[in-house]
Amino acid sequence: MLRIVAAFVIVLGTIVCDSAAENLNGLILEQVRKMPSGGKYSTSHYAKIRLQSAAHFESGKVFAIPKAPFPSFCSGATYLVFIRTIEALRERRQLQLGFATLNQLVIRDQHDGEGVWGRWNANGPGTARLFHELGLGRNFDSFAEAQAGDFMKIFWSKRVGRSESGHSVIFLGTENRAGIEYVRYWSSNVPSGYGEKEVPRSKIAYAIFSRLQTPANLSRINDAPATDSYLASLLRKRSNFAEATQKCGMTTN
(Lines give C-alpha, C1' and ligand atoms only; values in the text may rest on other atoms or scores of the structure.)
Protein backbone atom coordinates (compact mmCIF):
# COMPACT_ATOMS: atom_id res chain seq x y z
CA MET A 1 0.00 0.00 0.00
CA LEU A 2 2.83 2.38 0.92
CA ARG A 3 4.49 1.68 -2.43
CA ILE A 4 1.25 2.54 -4.26
CA VAL A 5 0.90 5.80 -2.33
CA ALA A 6 4.55 6.67 -2.96
CA ALA A 7 4.15 5.97 -6.66
CA PHE A 8 1.02 8.13 -6.76
CA VAL A 9 2.86 10.99 -5.06
CA ILE A 10 5.70 10.74 -7.57
CA VAL A 11 3.27 10.78 -10.51
CA LEU A 12 1.28 13.65 -9.00
CA GLY A 13 4.47 15.58 -8.36
CA THR A 14 5.49 15.11 -11.97
CA ILE A 15 2.12 16.35 -13.17
CA VAL A 16 2.30 19.41 -10.93
CA CYS A 17 5.84 20.20 -12.11
CA ASP A 18 4.90 19.76 -15.76
CA SER A 19 1.84 21.95 -15.29
CA ALA A 20 3.89 24.65 -13.59
CA ALA A 21 6.42 24.54 -16.42
CA GLU A 22 3.72 24.99 -19.04
CA ASN A 23 2.24 27.91 -17.10
CA LEU A 24 5.51 29.82 -17.28
CA ASN A 25 4.82 30.62 -20.94
CA GLY A 26 1.66 32.40 -19.87
CA LEU A 27 3.62 34.38 -17.29
CA ILE A 28 6.20 35.31 -19.91
CA LEU A 29 3.45 36.60 -22.22
CA GLU A 30 2.02 38.57 -19.29
CA GLN A 31 5.38 40.34 -18.94
CA VAL A 32 5.45 41.03 -22.68
CA ARG A 33 2.09 42.77 -22.39
CA LYS A 34 3.49 44.99 -19.62
CA MET A 35 6.42 46.17 -21.73
CA PRO A 36 6.23 49.55 -23.46
CA SER A 37 5.51 49.88 -27.17
CA GLY A 38 7.56 51.62 -29.77
CA GLY A 39 10.64 53.72 -29.24
CA LYS A 40 13.50 53.11 -31.61
CA TYR A 41 15.69 50.13 -32.44
CA SER A 42 19.29 50.99 -31.65
CA THR A 43 22.51 49.21 -30.71
CA SER A 44 24.25 52.45 -29.78
CA HIS A 45 26.19 52.98 -26.56
CA TYR A 46 23.30 55.11 -25.29
CA ALA A 47 20.84 52.24 -25.86
CA LYS A 48 23.09 49.93 -23.82
CA ILE A 49 23.29 52.48 -21.00
CA ARG A 50 19.48 52.75 -20.99
CA LEU A 51 19.25 48.96 -20.82
CA GLN A 52 21.59 48.85 -17.83
CA SER A 53 19.54 51.48 -16.02
CA ALA A 54 16.33 49.54 -16.74
CA ALA A 55 17.71 46.25 -15.38
CA HIS A 56 19.11 46.77 -11.90
CA PHE A 57 19.13 45.10 -8.47
CA GLU A 58 17.94 47.19 -5.55
CA SER A 59 16.69 46.39 -2.04
CA GLY A 60 16.55 42.68 -2.77
CA LYS A 61 14.55 43.06 -6.00
CA VAL A 62 15.48 42.84 -9.66
CA PHE A 63 13.93 45.71 -11.57
CA ALA A 64 13.37 45.67 -15.33
CA ILE A 65 11.47 48.85 -16.06
CA PRO A 66 12.30 50.66 -19.31
CA LYS A 67 11.64 54.39 -19.13
CA ALA A 68 11.08 56.77 -22.02
CA PRO A 69 12.75 57.30 -24.36
CA PHE A 70 13.03 53.66 -25.39
CA PRO A 71 16.10 52.98 -27.53
CA SER A 72 16.38 49.20 -27.49
CA PHE A 73 17.73 46.13 -29.25
CA CYS A 74 16.45 42.58 -29.54
CA SER A 75 18.48 40.61 -26.98
CA GLY A 76 18.02 43.41 -24.45
CA ALA A 77 14.24 43.33 -24.96
CA THR A 78 13.93 39.57 -24.46
CA TYR A 79 16.31 39.65 -21.48
CA LEU A 80 14.14 42.27 -19.75
CA VAL A 81 11.13 39.98 -20.19
CA PHE A 82 13.18 37.07 -18.83
CA ILE A 83 14.20 38.84 -15.62
CA ARG A 84 10.70 40.33 -15.20
CA THR A 85 9.40 36.76 -15.30
CA ILE A 86 11.94 35.70 -12.66
CA GLU A 87 10.95 38.60 -10.42
CA ALA A 88 7.22 37.87 -10.91
CA LEU A 89 7.81 34.31 -9.70
CA ARG A 90 9.67 35.63 -6.67
CA GLU A 91 6.86 38.07 -5.86
CA ARG A 92 4.38 35.18 -5.98
CA ARG A 93 6.67 33.17 -3.67
CA GLN A 94 6.99 30.49 -6.34
CA LEU A 95 10.75 30.94 -6.64
CA GLN A 96 13.53 31.56 -4.16
CA LEU A 97 16.96 32.73 -5.28
CA GLY A 98 19.86 33.90 -3.15
CA PHE A 99 21.55 37.28 -3.31
CA ALA A 100 24.51 35.93 -5.27
CA THR A 101 22.24 34.56 -8.01
CA LEU A 102 20.11 37.70 -8.25
CA ASN A 103 23.26 39.79 -8.47
CA GLN A 104 24.34 37.69 -11.45
CA LEU A 105 21.27 38.87 -13.39
CA VAL A 106 22.39 42.50 -13.39
CA ILE A 107 23.70 43.90 -16.67
CA ARG A 108 27.21 45.27 -16.26
CA ASP A 109 28.40 45.48 -19.86
CA GLN A 110 29.62 41.88 -19.77
CA HIS A 111 31.45 40.55 -22.81
CA ASP A 112 29.90 37.81 -24.94
CA GLY A 113 29.74 34.57 -22.97
CA GLU A 114 30.40 36.26 -19.61
CA GLY A 115 27.86 35.76 -16.82
CA VAL A 116 24.12 35.49 -17.45
CA TRP A 117 23.69 38.60 -19.61
CA GLY A 118 26.90 37.95 -21.56
CA ARG A 119 25.63 34.49 -22.44
CA TRP A 120 22.15 35.74 -23.38
CA ASN A 121 23.54 38.56 -25.52
CA ALA A 122 26.17 36.49 -27.33
CA ASN A 123 26.31 35.63 -31.00
CA GLY A 124 24.96 32.23 -31.95
CA PRO A 125 22.60 30.31 -29.66
CA GLY A 126 23.22 32.47 -26.58
CA THR A 127 19.92 31.96 -24.79
CA ALA A 128 19.70 28.27 -25.70
CA ARG A 129 23.26 27.64 -24.57
CA LEU A 130 22.45 29.31 -21.21
CA PHE A 131 19.31 27.18 -20.84
CA HIS A 132 21.27 24.00 -21.54
CA GLU A 133 24.24 24.89 -19.35
CA LEU A 134 22.11 25.70 -16.30
CA GLY A 135 19.22 23.31 -16.99
CA LEU A 136 16.65 26.12 -17.23
CA GLY A 137 14.49 24.34 -19.78
CA ARG A 138 14.29 22.58 -23.09
CA ASN A 139 15.78 23.67 -26.42
CA PHE A 140 14.37 22.48 -29.76
CA ASP A 141 13.99 23.58 -33.37
CA SER A 142 10.55 22.22 -34.29
CA PHE A 143 7.90 24.81 -35.15
CA ALA A 144 5.31 22.09 -34.59
CA GLU A 145 6.28 21.91 -30.91
CA ALA A 146 6.65 25.65 -30.36
CA GLN A 147 4.25 27.50 -28.08
CA ALA A 148 3.55 31.19 -27.60
CA GLY A 149 5.88 32.42 -24.89
CA ASP A 150 8.90 30.36 -25.95
CA PHE A 151 12.13 32.31 -26.32
CA MET A 152 13.39 32.04 -29.88
CA LYS A 153 16.62 32.77 -31.73
CA ILE A 154 16.10 33.43 -35.42
CA PHE A 155 18.96 32.97 -37.87
CA TRP A 156 18.26 34.90 -41.06
CA SER A 157 21.07 33.09 -42.87
CA LYS A 158 23.03 29.85 -42.43
CA ARG A 159 25.93 31.71 -40.83
CA VAL A 160 26.39 31.19 -37.08
CA GLY A 161 28.90 33.22 -35.07
CA ARG A 162 31.04 35.90 -36.69
CA SER A 163 29.14 37.78 -39.41
CA GLU A 164 25.85 36.05 -38.54
CA SER A 165 22.49 37.76 -38.98
CA GLY A 166 20.08 36.88 -36.20
CA HIS A 167 17.25 38.09 -33.98
CA SER A 168 16.33 37.32 -30.35
CA VAL A 169 12.53 37.21 -29.96
CA ILE A 170 9.60 35.74 -28.06
CA PHE A 171 7.54 33.45 -30.25
CA LEU A 172 3.82 34.28 -30.55
CA GLY A 173 2.62 31.76 -33.13
CA THR A 174 2.20 31.11 -36.83
CA GLU A 175 -0.64 31.65 -39.27
CA ASN A 176 -1.30 30.91 -42.90
CA ARG A 177 -2.55 33.57 -45.27
CA ALA A 178 -2.97 33.06 -48.99
CA GLY A 179 -0.87 29.92 -48.81
CA ILE A 180 2.03 31.63 -47.03
CA GLU A 181 3.01 30.72 -43.48
CA TYR A 182 3.90 33.70 -41.29
CA VAL A 183 5.79 33.64 -37.98
CA ARG A 184 4.67 36.15 -35.34
CA TYR A 185 6.96 37.30 -32.55
CA TRP A 186 7.65 40.10 -30.05
CA SER A 187 10.98 41.85 -29.59
CA SER A 188 12.71 45.13 -30.26
CA ASN A 189 12.47 45.30 -34.03
CA VAL A 190 13.92 47.50 -36.75
CA PRO A 191 13.04 50.36 -36.96
CA SER A 192 10.33 50.97 -34.37
CA GLY A 193 11.60 49.22 -31.24
CA TYR A 194 9.34 47.29 -28.87
CA GLY A 195 6.41 45.51 -30.47
CA GLU A 196 5.08 42.58 -32.47
CA LYS A 197 6.17 41.67 -35.95
CA GLU A 198 5.60 38.89 -38.45
CA VAL A 199 7.69 37.51 -41.29
CA PRO A 200 7.19 34.73 -43.82
CA ARG A 201 8.66 31.56 -42.41
CA SER A 202 10.59 31.14 -45.64
CA LYS A 203 12.80 34.09 -44.57
CA ILE A 204 14.04 32.14 -41.53
CA ALA A 205 17.03 29.89 -42.23
CA TYR A 206 17.14 28.32 -38.75
CA ALA A 207 15.38 28.78 -35.44
CA ILE A 208 16.06 27.58 -31.90
CA PHE A 209 13.30 27.67 -29.30
CA SER A 210 14.01 27.73 -25.56
CA ARG A 211 11.20 26.97 -23.11
CA LEU A 212 11.66 28.16 -19.51
CA GLN A 213 10.76 25.29 -17.17
CA THR A 214 13.07 25.20 -14.14
CA PRO A 215 14.07 28.79 -13.26
CA ALA A 216 15.33 27.70 -9.83
CA ASN A 217 18.35 26.27 -11.66
CA LEU A 218 19.55 29.84 -12.20
CA SER A 219 21.47 29.29 -8.97
CA ARG A 220 23.81 27.01 -10.95
CA ILE A 221 25.37 30.12 -12.51
CA ASN A 222 27.36 30.51 -9.30
CA ASP A 223 29.23 27.28 -10.04
CA ALA A 224 29.47 27.77 -13.81
CA PRO A 225 32.60 29.10 -15.54
CA ALA A 226 32.75 32.88 -15.43
CA THR A 227 32.79 32.86 -19.24
CA ASP A 228 31.37 30.33 -21.67
CA SER A 229 34.30 29.75 -24.02
CA TYR A 230 32.12 28.55 -26.91
CA LEU A 231 29.93 31.67 -26.92
CA ALA A 232 32.93 33.95 -26.39
CA SER A 233 34.64 32.41 -29.42
CA LEU A 234 31.73 33.28 -31.72
CA LEU A 235 32.78 36.92 -31.83
CA ARG A 236 35.74 35.91 -33.99
CA LYS A 237 34.87 32.42 -35.20
CA ARG A 238 32.38 31.12 -37.72
CA SER A 239 30.37 28.14 -36.58
CA ASN A 240 27.38 26.26 -38.02
CA PHE A 241 23.93 25.16 -36.96
CA ALA A 242 25.00 21.56 -36.29
CA GLU A 243 27.56 22.72 -33.73
CA ALA A 244 25.08 25.16 -32.22
CA THR A 245 22.49 22.44 -31.65
CA GLN A 246 25.11 20.10 -30.19
CA LYS A 247 26.25 22.81 -27.74
CA CYS A 248 22.62 23.33 -26.69
CA GLY A 249 21.83 19.65 -26.04
CA MET A 250 19.47 19.39 -28.99
CA THR A 251 18.53 16.76 -31.49
CA THR A 252 17.30 18.41 -34.69
CA ASN A 253 14.11 17.48 -36.52
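Structure values in brief
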| item | result |
| --- | --- |
| Exposure of residue 82 as accessible area (Å², to 10), given a probe of 1.4 Å and all protein chains | 0 Å² |
| Amide proton proximity set for residue 166, modelled H, under 5 Å, gap of 5+ | 156 |
| Gaussian network model of the chain, Cα within-10 Å springs - most flexible of 224, 55, 122 | 224 |
| Most to least packed among 125-134, 163-172 [average Cβ atoms within 10 Å] | 125-134, 163-172 |
| Computed [θ] at 222 nm, helices only, for the chain once each DSSP H run of length n ≥ 4 contributes -39500 (n - 2.57) | -11500 deg cm²/dmol |
| Span-rule helices in the chain, defined as complete DSSP H runs reaching 27 Å or more along the axis (Cα) with Kyte mean at least 0.5 | 2-34 |
| Value of relative contact order over the range 37-113, rounded to a whole percent, pairs C-alpha under 8 Å and six or more apart | 35 percent |
| Amide proton proximity set for residue 212, modelled H, under 5 Å, gap of 5+ | 151 |
| Heavy atoms of residue 58 accessible to a 1.4 Å probe, total area in Å² rounded to 10 | 100 Å² |
| Heavy atoms of residue 48 accessible to a 1.4 Å probe, total area in Å² rounded to 10 | 90 Å² |
| Relative contact order for the range 151-202, counting Cα pairs under 8 Å that sit 6 or more residues apart, in percent | 24 percent |
| Highest average packing first - 93-102, 200-209, 71-80, 111-120, Cβ atoms within 10 Å | 71-80, 111-120, 200-209, 93-102 |
| Partner lysines for residue 158 [C-alpha distance under 29 Å; skip if fewer than 8 residues away on the same chain] | 40, 48, 197, 203, 237, 247 |
| Long-range HN-HN contacts of residue 160 with modeled amide H, under 5 Å | 239 |
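The values are calculated or read from the model by the stated rules, or taken from the named source; none is laboratory data. The shown structure was predicted, so the numbers you read here are calculated from the model rather than taken from an experiment. All Cβ positions, even for glycine, are placed from backbone atoms using ideal geometry, and neighbour counts span all protein chains on display. These area figures cover heavy atoms from the full protein model, side chains too; ligands, DNA and RNA do not enter into them. Shrake-Rupley method; radii C 1.70, N 1.55, O 1.52, S 1.80 Å.
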